[in-house]
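Following: one structure in structure tokens, then a few remarks.
The values are calculated or read from the model by the stated rules, or taken from the named source; none is laboratory data. Quick caveat: nothing in here was measured; it's all calculated off a predicted structure. Cβ atoms come from the backbone with ideal geometry, glycine included; neighbour counts cover every protein chain shown.
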Amino acid sequence: MAGDSATARVPAKVNVQLAVGGLRPDGFHGLANVFLAVGLYDEVTASHGDGRDDGSAEGDGTGRQDCGHGVRLTVSGRDAAHVPLDESNLAVRAARLLAERHGREPRVRLHITKDIPVAGGMAGGSADAAGALLACDALWGTHTPQDELRAMCAELGSDVPFSLVGGAALGQGRGELLTPLETGGTFHWVFALADGGLSTPAVYRECDRLREAAGTGADVDSVPEPRPSALLLDALRSGDAEALAAAVSNDLQAAAVSLRPSLSDTLKTGTAAGALAALVSGSGPTCAFLAGDAGSAARIAAALEESGHCRSARTTTAPAPGARLLPA
């Protein structure tokens, strides 16, 4: 027994480039996905448990669910009510996968303290999966090599490996094949959080529909192979915010705006308030704004909140580290 509990802190992400290839026969799209980890974090705590509720969370607004087979999940913090508490939760699946790999029963209590927006295109669920793997590995003392943890992350979802690694990286394949990228400075970001979420599969389907409607076709024979932008990679390497602003792109943005037209007003508000760049984060509906400095970020956030076009606005910086164990 390695200890009574272990807690991992995991970051959100923004996609500064999301180039989407054509629809493949397996139903996926090839990607050139430039991830940047940002300083909004969830914490995932794993502790020994037998799946029985001791009532200790009563009255704190925490969601609780016995997910069966010894896994118990509780969630608190921002948007906790919107986190799935059943077996679809990636953190639960991560704990079970790790236990299976080591031939042990997955008897564990998982508690997620949410600060990453839920269903907002910032990989909060993926971050929780990476955090659960790291925390359970520490709790159980299974000492899984990093490359095996990354392979398990890829089994769980395309964004999960980056949540483990953090920093900046190019994701290819479905996004899970990572190449670390060099960054030369600190970038200031504002995130406008929307009410409700957007289904990632629905956004991809809408992207395909829009391509078909435009007459370009949506399959791999019609859409160029996605490639990373050399200008964007140079901007990350140099830490030049203005150069990065000129190079950011998201091939899913038109689809997200098509499904949620109000996002257009959010993007315009942030731009009018002085953002260097404005884009939908991943599949949305969170909108991301690159600012020149901390003061500009604060002004953009204030304008967004005053506009009524978003639920709230958060400021932070990037890059941020990947999943890390917190001191006991």
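General observations
- Within the range 1-29, considering residues that are outside any strand (DSSP E or B) and hydrophobic (A, V, I, L, M, F, W, C), the one surrounded by the fewest Cβ atoms within 10 Å (Cβ to Cβ): Met1
- Search result, residues across the range 284-310 that are assigned to a loop (DSSP other than H, G, I, E, B) and touching a helix residue (DSSP H, G or I) at 6+ places or on another chain (Cβ under 8 Å): Gly284, Pro285, Gly292, His309, Cys310
- If you filter the range 173-203 down to residues that are surrounded by fewer than 19 Cβ atoms within 10 Å (Cβ to Cβ), more than 22 Å from Ala81 (Cα to Cα) and among the charged types (D, E, K, R), you find that the one that is modelled with the highest pLDDT is Glu182.
- Residues that are in the same structural domain as Arg150 (by TED's automatic domain parsing), at pLDDT 95 or above, farther than 27 Å from Asp251 by Cβ and of a type outside the set (S, T, N, Q) do occur in the range 45-54, at least one of them.
- Glu305 passes every criterion in (1) farther than 30 Å from Thr45 by Cα; (2) in contact (Cβ under 8 Å) with a residue 24 or more places away in the chain apart from (2).
- Exactly one residue out of Val280, Val257, Val220 is of a type in the set (Val, Ile, Thr), touching a Lys or Arg at 6+ places or on another chain (Cβ under 7 Å) and surrounded by 14 or more Cβ atoms within 10 Å (Cβ to Cβ), and it is Val220.
Residues are listed down the side, and each one gets a yes or a no for (1) in contact (Cβ under 8 Å) with a residue 12 or more places away in the chain; (2) farther than 15 Å from Ala46 by Cβ:
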{"site": "Glu87", "(1), (2)": "yes, yes"}
{"site": "Gly131", "(1), (2)": "yes, no"}
{"site": "Ala151", "(1), (2)": "no, yes"}
{"site": "Asp159", "(1), (2)": "yes, yes"}
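- Any hit, the range 307-325, residues being more than 20 Å from Ala12 (Cα to Cα), surrounded by 20 or more Cβ atoms within 10 Å (Cβ to Cβ) and either modelled with pLDDT of 95 or more or not basic (Lys, Arg) (or both): yes
- Pair list, Cβ < 6 Å and 6+ apart or interchain, from the range 275-300 residues that are in the same structural domain as Tyr204 (by TED's automatic domain parsing) to residues that are basic (Lys, Arg): Pro285/Arg260
- Against the test of being more than 22 Å from the chain's Cα centre (by Cα), surrounded by 20 or more Cβ atoms within 10 Å (Cβ to Cβ) and at pLDDT 95 or above, the options Ser296, Ser238 yield a single qualifying residue, Ser296.
- For Gln146, the conditions (1) surrounded by fewer than 19 Cβ atoms within 10 Å (Cβ to Cβ); (2) out of contact with any His (no Cβ under 9 Å at 6 or more places or on another chain); (3) touching a residue at least 60 places away in the same chain (Cβ under 8 Å) all hold with the exception of (3).
- Residue in the range 78-100 that is surrounded by the fewest Cβ atoms within 10 Å (Cβ to Cβ), counting only those that are more than 17 Å from the chain's Cα centre (by Cα) and not in a helix (DSSP H, G or I): Asp86
- Of the residues Thr286, Thr266, the single one that is surrounded by 23 or more Cβ atoms within 10 Å (Cβ to Cβ), within 24 Å of Gly171 (Cα to Cα) and of a type in the set (S, T, N, Q) is Thr286.
- Condition broken by Gly215, with the remaining ones in (1) without any contact (Cβ under 8 Å) to a residue 24 or more places away in the chain; (2) more than 27 Å from Ala320 (Cβ to Cβ); (3) in contact with a strand residue (DSSP E or B) (Cβ under 9 Å, 6 or more places away or on another chain) satisfied: (3)
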